[in-house]
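Accompanying notes for the structure given below.
The values are calculated or read from the model by the stated rules, or taken from the named source; none is laboratory data. Computed from a predicted model, the values in this text were never measured in an experiment. SASA here: full protein model, heavy atoms, side chains in, ligands and nucleic acids out. Shrake-Rupley method; radii C 1.70, N 1.55, O 1.52, S 1.80 Å.
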Amino acid sequence: MRILSGSVIYDFTVSQLNDNVTSPPLEDFVINFRFRKSNEINVERTFQIPRVTQQFATIMSDLLGEFEVPSSPKSDMSAHFKFKLDRLNRIRYRGDTVEVKVEAEAVDSERADMIQNRIDSNTRNRLVRRVREVTEEVMIPADIKAVSALERVRVSDNQEEKECAICLERLENDVEVIKMPCPKSAALLLLVINLALYFIIMVISGWAVNHAIENTHESASVLSIPARIFPIYFPIGNMATGFFIIFSLLVGVLGMATSLLGMYNVMQSSASSLYAASTSSMSIWALTILAMGLACKEISIGYTGSNLRTLEVILIIVSGTQLICTGAIHVSADNVAANARRMLGGRV
């Protein structure tokens, strides 16, 4: 790395001399240190630093201080030295000997100004380029009617979040703000609806299984095998009823568990928890579709009672709401991940 400080250019390099992957690592790093400043100073030292120490930056800072290196380049070089040794420390079987070179070159004021202007220009160009990229990516004009239709609320003392989610500005009490639509709210509402629907499915399916168990011995004793036995006799419905009831009971129980777990994950508001909720929601939707297919088969055969017809209708409805819920959770997860990338400058 090259650093300009006043009228002195510091060229600081940290390199690994040996790269023996077969020998066991030493307990210490062997540091070959060389400092050269024009024709005034030329120093070479060899010393050891324990691998277990956490003072790599402090040791290099003290060493550079002996040669009157200014605080700003000294801090940058010490941090770079620590980064290199920490990296080697994580790969313990590679490299025990490290060479550190510091070359200080005095330049005249004209050349120093030229170098500084070049540094400033490169920094400014990178900043302008980054601002242009971000502006072109996110600056999309909002529709006035859509903004006017957004809900307006007043900030109160009992609100947990009292800062703007966009500019992070602290909000004062009794200030009117615009409430942005949140896909998490829609996902949470759909999860509550699905929880109620899956509960009804579980209750009706459980009643049908219990009814079949109580009537199996009496009703099925006069029938010839296999006479609608699955594995118990269903005195209601038709030949598809046994399959339909068993799968509906499984869907009801697993659907309730998935909805409760999904509500917890959505309230966590992290990308990982939302993606987990989306995955489990998709899995229970696939099982719901299977039960819905058996419901359609039972409907096509006919001869079902009112309870079974209710169960068929609810299964068809919940297959749609579960799919919409899965999409809402996935959109929420993508939004949270995108916000995290913007806050960290595109690094997640």
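So how do 207, 285 rank on accessible area, 1.4 Å probe, biggest first, that is with the largest at the start?
The ranking, largest first, comes out as 207, 285.
Which whole-Hz ³J(HN,Hα) couplings does segment 79-84 yield from phi under the Karplus relation 6.51 cos²θ - 1.76 cosθ + 1.60, θ = phi - 60°, glycine and proline marked x?
Per-residue couplings from phi come out as 5, 5, 4, 4, 4, 5 Hz.
Of 330, 80, which has the most accessible area and how do the rest follow, probe 1.4 Å?
330, 80
Please compute the length gained on full extension between residue 300 and residue 89, using 0.36 nm multiplied by the number of residues separating them and subtracting their Cα-Cα distance.
69.0 nm
Of 249, 17, 63, which has the most accessible area and how do the rest follow, probe 1.4 Å?
Sorted descending by solvent-accessible area, the residues read 17, 249, 63.
Report the accessible area of residue 175, computed with a 1.4 Å probe over the heavy atoms of all protein chains in place, in Å² rounded to the nearest 10.
Spelled out: residue 175, probe radius 1.4 Å, area about 60 Å².
Which cross-chain or sequence-distant (5 or more) residues have an amide H under 5 Å from the amide H of residue 28, H modelled 1.01 Å from N in plane?
51
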